[in-house]
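For reference, the structure is listed below as structure tokens.
The values are calculated or read from the model by the stated rules, or taken from the named source; none is laboratory data. All of these numbers come straight from a predicted model, not from anything done at the bench. Here the Cβ positions follow ideal geometry from the backbone for every residue, glycine too, while neighbour counts run over all protein chains shown. Accessible surface is based on the protein model in full, side chains and every heavy atom, while ligands, DNA and RNA are left aside. Shrake-Rupley method; radii C 1.70, N 1.55, O 1.52, S 1.80 Å.
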Amino acid sequence: MFHAMTDSARYLTLKAGPAARAALAESPLTPERIGALAGAAGGPKWLAIAAFYRALFTDWFATRDTPLPIVGSSIGAWAGAAACHPTDPGGALDALIDAYIGQRYSMKPDAAEITTTLAGILDTVLTPDVRTGVLTNPRYRLHAMTVRSRWSTATDRRALLAAGSVAAGIANAASRRWLGAFFERVVFARDGDTMVYANDGIASRTVALTEHNLRDAVFASGNVPLIMQAVQNPAGAPAGLYRDGGITDYHIDQPLLAPGTSAPIVLMPHFDTKLVPGWLDKRLGWRAPRHADHVLLVGPGPAMTERLVDGAVPERRDFYRYAGDDAARERVWRQAIDAGRFMRDAFFDLAASGRLVDHVESL
């Protein structure tokens, strides 16, 4: 399936936490050694790793005998839901890719327009088969990360929410623990299955993912504050306004796995070469991951970056950069998908040859 490549390592960056590095030094990476997959938030950035996602869920993990938790935040949860299709995860992921690339907006869209457009994309993906798969797939078990807004962020009134968001940003810059005053981490998981979450000052709870809250949970996971209208009162969860899980868990700096687990690696397909704990940490260069001992991050390498337009993965600002020319934006985004195929092939090439561990850096 995957073609051989020369100098594979130039197409990807591999970084691992201490526990993951130790595990890779003991024996080669195989699907059975993955204890969880972490699906990072990042909006359009995920298109750079869409081909990697597709290959993982349709081929590499197809031989697993044990369930694989998919812990997804924002677009990571959306892709994780698509991957749960009981018979055709590749087709479901293709539908998400096409619908996501094809989104259109007026020149000055408001929160209502953006919310409606993205809801339409998600509804295209959440077919009856995908919904059934999310709740019953024996191989993949979705954990959709969201936040429940607290205090001054518990409003959809733009001026008040903006003020609350600024306050949350200031508090977070002082200490990530203070972010817990503004948001509660709520993870929707099938049968209420729980992973290991850090004692990071942000209260965490797991809610059972059911047919009654599935759509709200996945939609809330990608619900960007100030840009979209919040999801209100998902069934079976505490009342409130639910938003993007990336606010607290942008790239999922969480243990997820208990010490001593037989599958000791958290695989993180990534569009970046660093792990940023929360969305509000993006500009805080000193905010390093603290709970990613088990993580193996697979991100783009210099050879892949050279294949991207302007050396950058897609981002939300592309809607402004290519305003009035959606065809140009689509070409750029599809070029990112094509570039990601080289990263995908490099990973499987190195994993199959047993050389992957030779290229792993410290996270």
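Looking at residue 322 and the list (1) surrounded by 18 or more Cβ atoms within 10 Å (Cβ to Cβ); (2) farther than 21 Å from residue 41 by Cβ; (3) out of contact with any strand residue (DSSP E or B) (no Cβ under 7 Å at 6 or more places or on another chain), which single condition is not satisfied?
(1) is the only condition that residue 322 fails.
Do we have residue 215 as among the basic types (Lys, Arg) and open to solvent by less than 10 Å² (accessible area, probe 1.4 Å) here?
Values: among the basic types (Lys, Arg): yes; open to solvent by less than 10 Å² (accessible area, probe 1.4 Å): no.
It is false that residue 215 is among the basic types (Lys, Arg) and open to solvent by less than 10 Å² (accessible area, probe 1.4 Å).
Take the stretch 28-80 and flag every residue that is in a strand (DSSP E or B), crowded, with 24+ Cβ neighbours inside 10 Å and out of contact with any Asp or Glu (no Cβ under 8 Å at 6 or more places or on another chain).
If the condition is that a residue be in a strand (DSSP E or B), crowded, with 24+ Cβ neighbours inside 10 Å and out of contact with any Asp or Glu (no Cβ under 8 Å at 6 or more places or on another chain), then 36, 37, 38, 39, 70, 71, 72 are the ones that fit.
Any residue in the stretch 297-306 that is farther than 13 Å from residue 48 by Cα, open to solvent by 50 Å² or more (accessible area, probe 1.4 Å) and modelled with pLDDT under 95? Reasoning before the result, please.
Going residue by residue through the stretch 297-306, those that are farther than 13 Å from residue 48 by Cα are 297, 302-303.
Next, only the ones that are open to solvent by 50 Å² or more (accessible area, probe 1.4 Å) stay: 302.
With modelled with pLDDT under 95 added as a condition, the list becomes none.
For the stretch 297-306, residues farther than 13 Å from residue 48 by Cα, open to solvent by 50 Å² or more (accessible area, probe 1.4 Å) and modelled with pLDDT under 95: absent.
If you scan the stretch 325-346, which residues turn out to be more than 14 Å from residue 44 (Cα to Cα), touching a Phe, Trp or Tyr at 6+ places or on another chain (Cβ under 7 Å) and touching a residue at least 12 places away in the same chain (Cβ under 8 Å)?
Within the stretch 325-346, 342, 343, 344, 345, 346 qualify.
Taking the stretch 104-125 on its own, how many of its residues are touching a residue at least 60 places away in the same chain (Cβ under 8 Å), assigned to a helix (DSSP H, G or I) and either polar (S, T, N, Q) or more than 22 Å from residue 86 (Cα to Cα) (or both)?
6
Would it be correct to say that residue 136 is open to solvent by 50 Å² or more (accessible area, probe 1.4 Å), over 25 Å from residue 282 (Cβ atoms), under 18 Å from the mean Cα position of the chain (by Cα) and not basic (Lys, Arg)?
On the way: open to solvent by 50 Å² or more (accessible area, probe 1.4 Å): yes; over 25 Å from residue 282 (Cβ atoms): yes; under 18 Å from the mean Cα position of the chain (by Cα): no; not basic (Lys, Arg): yes.
Considered against the rule, which asks whether it is open to solvent by 50 Å² or more (accessible area, probe 1.4 Å), over 25 Å from residue 282 (Cβ atoms), under 18 Å from the mean Cα position of the chain (by Cα) and not basic (Lys, Arg), residue 136 comes out as no.
Please state which one of 286, 279 is under 14 Å from the mean Cα position of the chain (by Cα) and open to solvent by 50 Å² or more (accessible area, probe 1.4 Å). Spell out how you get there, then give the answer.
Values: 286 fails: under 14 Å from the mean Cα position of the chain (by Cα).
Result: 279 is the single residue among 286, 279 that is under 14 Å from the mean Cα position of the chain (by Cα) and open to solvent by 50 Å² or more (accessible area, probe 1.4 Å).
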